[in-house]
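Below you'll find the structure, written out as structure tokens, and then a few comments.
The values are calculated or read from the model by the stated rules, or taken from the named source; none is laboratory data. Remember, it's a predicted structure, so these values are computed and weren't measured experimentally. Every residue, glycine as well, gets a Cβ built from its backbone with ideal geometry; the counts of neighbours run over all protein chains shown. For the accessible areas, the whole protein counts, side chains as well, though only heavy atoms, and no ligand, DNA or RNA atoms are used. Shrake-Rupley method; radii C 1.70, N 1.55, O 1.52, S 1.80 Å.
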Amino acid sequence: MEREPCLLCIPDISGFTQFMSEIDFELSSKIIPTLLNQIIYSNQIQLKVSEIEGDAILFYRSGSLPSLQELTEQCQNFHQQFYDQMVLLQEKYIDEGKNLDLPDILGLKIILHFGYEIAPVQIGNRIKLLGEDVILAHRLLKNNIPFDEYILFSEALISHYRGREINWHLNWAELMTSKTTMDHLGEVRYSYIKLHPKDSP
């Protein structure tokens, strides 16, 4: 397998387990795919889909990183399109007699990581990503961030941008830092910002 530098992006629906337990299966099986499709259609920076994993999408982009502005604008667009679609779904199903409060249950968190230990492998008609960095990105979904909607930047990713660029393009939100310890991977540091609907840089 030939390894190559790769951006990993995982938009993940928070509140998914609660939603699936509280909403009847027929309705949830319409809403969740619609929201995931909206995220996919909102892709503006040539990310490719590797996997769709129930409540999350694994996007990747090989080669050089996009600018921090492009990356944060893409994440904000994912988030805003997700919320706009929830509003439309809520209106649709209220008209059908369903009492839903989707924005109170569901939200979106986005994991961003850049690594070199990634090997794209074709399995069937999909590209499967293998490597330690793929494991790390997935494990970052389990973190100690105290709110449900955010963009998480791994240290391996944020280190590719200069301090001035970070301050300029993330000045619309407080950039916080934390760390976690992962089995076999050790201490992993990351930064994060809270997301809100209608946020803009």
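Among the criteria (1) open to solvent by less than 70 Å² (accessible area, probe 1.4 Å); (2) over 30 Å from Asp84 (Cα atoms), the one Leu170 does not fulfil is (2). Restricting the range 142-163 to residues that are part of a loop (DSSP other than H, G, I, E, B) and among the hydroxyl-bearing types (Ser, Thr, Tyr) leaves a set whose member that is least open to solvent (accessible area, probe 1.4 Å) is Tyr161. Could you list, in sequence order, the residues of the range 1-14 that are open to solvent by less than 10 Å² (accessible area, probe 1.4 Å) and either polar (S, T, N, Q) or farther than 25 Å from Leu102 by Cα (or both)? Selection gives Cys6, Leu7, Leu8. Would you confirm, using the coordinates I've provided, whether Ile193 is in contact (Cβ under 8 Å) with a residue 60 or more places away in the chain and in a strand (DSSP E or B)? Taking the combined requirement at face value, the residue does not satisfy it. Among the strands (runs of 3 or more DSSP E) confined to the range 90-141, the ones with at least 2 residues that are farther than 25 Å from Ser178 by Cβ and touching a residue at least 12 places away in the same chain (Cβ under 8 Å) are located at 119-123, 126-130.
Checking Thr34, Thr17 one by one, the residue that is open to solvent by less than 70 Å² (accessible area, probe 1.4 Å), in a helix (DSSP H, G or I) and among the hydroxyl-bearing types (Ser, Thr, Tyr) is Thr34 and no other.
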